[in-house]
Each structure stands twice: as C-alpha cells, then as structure tokens.
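Following: one structure in structure tokens, then a few remarks.
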Amino acid sequence: MTLVMVVDDDQDLAEMLGIVLTGAGIDVDLVSRGDEVMEVFKNNPPDLVLLDVMLPGLDGIEVCKLIRAESMVPIIMLSAKGDTHDVVLGLEAGADDYMVKPFRHASELVARIRTRLRRTNADVSGLLTIGDLAIDVNAHEVSRGGRKIALTRLEFDLLVALAKEPGRVFSRDALLGEVWGYRHSTDTRLVNVHVQRLRSKVEHNPENPEIVMTVRGVGYKAGVMGGS
Amino acid sequence: MNRIVSKVKNSLASKVIVSTVLLSLGVVWLTGSALYSQLSDGVRQVNLETSLAEARSSFFNAQYQFLLVDGANSSIITRTVQEVVISSTQVSLSQDRKSLFLSRFGPAFDNGPDIAAIDYTTSTDDLDVSSFPSDLRQRVKTSDLVEYEYAKVKFKNREDANVLIAGRRIAIPDSGNYEMYLVYSLTNQNTTLTLIKNSLFLTGLALLFLIGLITWLVTRQVVKPVREAARIAHQFTDGDFSQRMKVESSDELATLGTAFNEMALSLESQISRLENLSRVQQRFVSDVSHELRTPLTTLRMASEVIYGQRQSFDPNIARSSELLVAQLDRFERLLEDLLEVSRFDAEVAVLEPVEFDLVQLIERCIDDVLANEDSHIISINIDHETEQAMISADLRRVERIMRNLLSNALDHAEGKPIDVTIVSTRTEVAVGVRDHGTGIESSALSRVFDRFWRADPSRARVRGGTGLGLSIALEDARLHNGELDAWGSPGFGAHFVLTLPRIAGQQIGGRPIRPQPIDYPQTN
C-alpha cells in the first residue's frame, strides 16, 4: 500500500484529504506542525509528501529543504498562494510539483499523486547516454565520468524523457505532459525551475550547459556541445 | 533667433531684464535727445554771437579805414583794401577759418558814379560766389545793418561746407558801393557738437548696460528661490517628497518658502497615509482571499465526495449536492476575480510576457468554452487572415480575456452563431468577438466594463458569470498597453474588439478591426 504524508495545519482540510486519499486506496499519515515532520518522516518514510506552505513551527519551504537533504521522495506543495514568487520558492526548495488551493477537483490531486508515484518512462529500459553522462534506467542510476549523481525521481524522469530521444527538441508544454502528466497547462515555470535544478546537478558549468540544452524560443533538448 | 526668443519667454529673469532695458532705452533716448538739442542750441547761439560781434567790428574797421583814405590816391586805396582783406581774414587761434568776399554793386557816393574807377571786387579761398543765397545779397545791398545767414557754399578748391555768412554794405572811396561778406566756417562748432553727441551716446550705452546689470542682480535675488521652488516641485512630481526650500530671511520670499515647505510636508504625510491605507486594504483583501481558500478546498472536496455518491441519495438530496458543487464553483470564480480586481486596484498586477501564437490560443479557448457548454449549441466561426499570429504577451491574461469575451458572447448570443475575427498587422493584433443577440443600448455601452454591471437586471444569469469578467478583461488589455472596445446596437448584437500590441507594453498604432461591424447599416 502506498503511504502519503499529508502536512497541513488545517485539521479539517487534513481530515478531508485523508478521506479522499483513503477512498483512492492510499494510506495517509497526517502531520499538523512543520517541526514535527522530520521525526515522523524518519520513523515511517512515506512514498510521497503533500506539504502545505504555511505551517506552524517550521515554514513549508524550510521543511521541503530538510526532506530534500535526506531523501529523493516526491514532494507536492500545497499552497493558497498562486503568486509566482511563492511557487518558484517552493520549487527551488526541492518540490516536484505544486497545487494551488482550492483544487479544481480532488481527482486532479489524486491524479498528480499517482503520476509522481508511477514510473513515467515505463517504456524505456537499459542504458542511455548523453555525452559522458550515463543513465541506467533500470537501476535508476545516473553517473557522469564514473561519478554517481543523486537525482530526485522527477529530475530522473525529466532527464530520461530528454535522453530517450536525443536531438529532439521538447517544448515546455510537451515536457509538462510527458513528465508531470498535465494535459495542458500554462504554467511553464515548473519546467524552467526543474531544468535549472537538474543542470546544477549534472552539468559541469550550469551557466554553459552541455547535457540539457536550451533551444531559444522553443524549449529544451538533450545533447552535447556541437552535437546534433 | 527663435532660440533666443523662446529662452527669453521661458525665463522670468530674462523677461524682466529685456523689458527693463527696452524701457530704459526709451527714457535714455528721450533725455539724451533733449540734452543734446539744448546743448547744441547753446553752442550755436554762443558761436553766432561771437562771430557776429567779430564781423561787426571787422565791418566797422573796414568802413573806418576807407573813410580815412577818402580822397587819397588810388594806390593808397588799393593798399587799404588789401589791408582790410588781410585784417578781416586774420584768424586767432580759437577761431574758425574765415573767408572774405567783396563785390561792387553801385556807386559809393551821391556825387556821381565813376564806373570807370578801379573795381576792387575780390574773394579769398576761391569762394564760389554763385552759391551765396541771393536773398541775403539783396538784403545786404539795401540794408545799413549787418545781415547774416547760415548757408551751404561752394569752394573752388575744397569741399562744400556749411558756413555762417555775415554781410554789410561798404563804400570804398573812388570806387563805389560794395557788399562785403565774412564767411565763418563752422568746423569747430561741428566738432564740439559731434563730441557732445558721442559722449551722450556712450553715456547712454553705459547707463543701459548698468541698468541691465542691476536688474539682473535684483531679479536673480527674486528668481532664485522661485527656480528652487520649481525644481523641488518637479521632484515632488517624480515622487521625491524629501526636498525642502531653504528659508534664510523673513521677507515675502521666505513666506513663500515656508508655505511651500508646509505644503510639501502635508502632501508627504497625506500620500504616505493614503499609501498605507491602500496597502492595508490590499493586504486585507488578499489575506481574506487566502484565508477563504483553505476552507473552500475542504468544502469542495467534501462536496465532491457527496456528489460522487448522489445516485444512492433520494432525488432532493441528489439535486442539492449538484447545486452545492455548482455554487462552490461559482463562489470560487468570484473569489479569484475579486482577488484579481484587488491586484489591479493596488496596481500590483504584473505582466509576464511570453511568445505564443494567438490563433492557436483562441482556437483552444473556443474548444474549451464549447466543451463546457451543454445547454446551448452554438457554432463559433473563426475568420482570420493569417495562419499564425505570434505575439509577446501574458498568456494567462490573454487567455482570460478571450474566455471572458467568448462566454460573454455565448451568454447573449441567444443561440445564434458567434463570429470571431483575427487581424494581424506589423505592430498589433486584433480580435473581434461578435454576437447577433439582443445587443446593447448605446447608452449602456460606457457601462459594460463596470464591475457587477448587468445589461438587463431582470434577466436571469445564464451561465453564472461573476459580473467582473469584462472589467477584468479591460484591465488585462490595458496592462498590455492594449485596448478593449465595445460596440452594440439593439437587434444587431454586440461586438467586442481586443487590440493588443505585438509586443506587450508597446503602443498600439490604431484599430485593425473597427468596433462597428461592416454589416451594420450606416445611419448618416
């Protein structure tokens, strides 16, 4: 059974989330304070964290950073703020995805959770390479020049999505569909922030990328400098 | 020249200096002329009197000499004439040059003319006698007194000159009556007058310069604080209220400075109070909206759970659950719109432009709007000249404008088709959304963008719009420096035209689509 940790200070909302998720066949661990998260997290590691931004004790952004320091578990931020600033802050702190309250449908939340738990590139297997970067899809491992690189599941999925079709240019919308499972969304900030995070891990110099290349005005592609 | 004129017009100091100098020029000119005419009159008078006195004495002397030699032989008379000529034309140092002219015109004495006698007619300095005024000569011939006149005479060996001519009748023994003229050159007098004129002119110039200088100094004293005030007022306009005027004295200018500073202080406090108020207000609205979201989320999820089970409820409860879900939707839209309106009011709405294809976006919006439409079956026809219209704009906002315009059109179309026109020019793109429904009264056109305004309050709301859609659409368009125009006529439907610059923030040059549709009959 899948375990999702729901961190929200609003008891009623947390309970409601519990009802909805349990109804969808997901086990729920409820935490109401930011400073209690890490203890629960260590005792009973969840498969995914639903994290509210505004929390007593410790801010959701800080909690996100703490979890990221320990684990690559998928994190979805819940926020009552739709403002760019807060969304980007949450994503930069390590969140994979975010949802703005109120959600259009509870089923949408469940769908997002399932997307994050599922292997998005189930059709790919074996070994992929971009230049000197090696991706072992089955073992879920990435290494560059013999050095292993730790990626979150989402970053891994993003990298695999680009690497499985080297040279193809993916628009941000295409990546949102491929990796995040959105049908259509106007929020391309998700892609931008995660490409930045991925680059900071796999590139020698993130300012001058060699693995994840920007195609101006279109999107991104996997490639080596000078390659196709 | 134009630059100088405009500079004078724009500077108080220059204006004052120029007018003062011009007025002073008039005064100096008048006093100078009066002074000069008085002085020159005096000089001429003195000169005339001296010359005439001298002439009288010369004439008397000549008469006397000739009387003495009356009856002597002709050689003595000839010598006397020569002496008279020499003594009369003798010039002292202070005097002007003098010329003499002697001309016989008749017998000297009653005791018989002796025409054959020696004619002593003579002239010095090659005088051209013909240039003498004839009436003077007439007067001299008939009068016993000294006659005089100013005249211009000719000289054979030098330039013509203005002179004073004094003449008298003289009798020379054994010869006859003569006109004797003494011609006084006016060179000295003229030199004096020129000197006076030049000094007056130079004095006048110096005076004007000094007046200008003094005016400049005085005006500067007054203008400097005024300029300072203007500079500070400019900074106020730019939002800097920290500047104050220096108050160093207790005159009227100091009063101006004090009043000015008080005004600045009052303005500053008023503005910061208003800013504070608006910040508090905006913060409150935003907080309320955010605080409402969490319970709304719970409510929505709960209602969905209930709604999902509605088949097992009795019909009334099932219908209630449907209404609950629908009204929560509406409530949420209202909340979103209110939050957006509060952002516009607080002027914190930010444009996030990206490049995208407007045609593609509109097609997607139409698909979405039609997909949500279950009670109406309306066709939307797109008419566009270009396959693609790439613009740089805020995708979310443009999408919202289009959705608002389309749902507004659907609300009022009464089942008739809706026409969407897209026209793209080099600098702007325009989208027209036309319905053929009831239309809008022209008197109501100015109000369609008002918040919560409804064309017909008695009419039921079909789609549960928030009443803020068009108002937000207008704000969204204006945020791009674009424009949203509305046209309507009862029975002819309504036409909303969105005009956006190709690159958000640039100016739109015109309206590629006119709000008034082509098919509308012209009234004039």
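Annotations for the structure displayed:
- Among B:10-16, B:300-306, B:512-518, sorting by the average number of other beta carbon atoms lying within 10 angstrom of each residue, highest first, gives B:300-306, B:512-518, B:10-16.
- Net length available on complete extension from B:VAL27 to B:LEU12 is 3.1 nm, with 0.36 nm assigned per residue and the Cα-Cα distance removed.
- Residue order, fewest to most beta carbons within 10 Å, for B:TRP453, B:TRP487: B:TRP453, B:TRP487
- Which of B:THR438, A:THR129, B:THR237, B:THR298 has the fewest Cβ neighbours within 10 Å, and the rest in rising order: B:THR237, A:THR129, B:THR438, B:THR298
- Think of chain B as a dipole: +1 on every Lys or Arg Cβ, -1 on every Asp or Glu Cβ, centred on the Cα centre; then among B:VAL325, B:SER446, B:LEU164, B:LEU164 lies furthest on the positive end.
- Theoretical ellipticity at 222 nm over chain B - DSSP helices of four or more residues, -39500 (n - 2.57) apiece, nearest 500: -18500 deg cm²/dmol
- Using alpha-carbon coordinates, inclination of helix B:74-89 to the longest axis of chain B, degrees: 30
- Loop-located GluC sites (Glu not before Pro) in the stretch B:227-261 whose Cβ has at most 11 other Cβ within 10 Å (DSSP): B:GLU248
- Shielding by partners for peptide B:346-355, expressed as the average number of C-beta atoms from other protein chains within 10 Å of each residue's C-beta, is 1.
- Of all DSSP beta bridges in the protein assembly as shown, antiparallel share, percent nearest 5: 75
- Helix-only mean residue ellipticity at 222 nm for chain A, each DSSP H run of n ≥ 4 adding -39500 (n - 2.57), per residue, nearest 500: -10500 deg cm²/dmol
- Relative contact order of chain B, defined on C-alpha pairs under 8 angstrom at six or more residues apart (%): 9
- Antiparallel %, DSSP beta bridges [both residues in chain A], to 5: 50
- Distance from the alpha carbon centroid of the stretch B:297-365 to that of the stretch B:394-416 works out to 16 angstrom.
- Loop-located chymotrypsin sites (Phe, Trp or Tyr not before Pro) in the stretch B:298-377 (DSSP state not H, G, I, E or B) with no more than 14 neighbouring Cβ atoms inside 10 Å: B:PHE313.
- In this structure the amide hydrogen of A:ALA80, modeled in the peptide plane, comes within under 5 Å of the amide hydrogens of A:VAL53, A:MET54, A:LYS101, none closer than 5 places in sequence on its chain.
- Folded to 0 to 90 degrees: helix B:252-308 orientation relative to chain B principal axis, Cα: 20
- Counting only other chain Cβ atoms within 10 Å of each residue's Cβ, the peptide B:302-309 averages 3.
- Loop-resident trypsin sites (Lys or Arg not before Pro) (DSSP state other than H, G, I, E or B) in the stretch A:131-172 with no more than 15 further Cβ atoms inside 10 Å of their Cβ: A:ARG168.
- Neighbouring Cβ atoms from other chains, within 10 Å of the Cβ of residues in A:5-14, number 3 on average.
- Here the mean projected area of the convex hull built on the C-alpha positions of the protein assembly as shown is 66.9 nm².
- DSSP-defined beta bridges in the stretch B:351-501 - what % are antiparallel, rounded to 5: 85
Readers should treat all values here as calculations from the given coordinates under stated rules, not as data from a laboratory. Not measured: the values here are computed from a predicted model. Please note: Cβ atoms are built from the backbone with ideal geometry, for glycine as well, and neighbour counts cover all protein chains shown.
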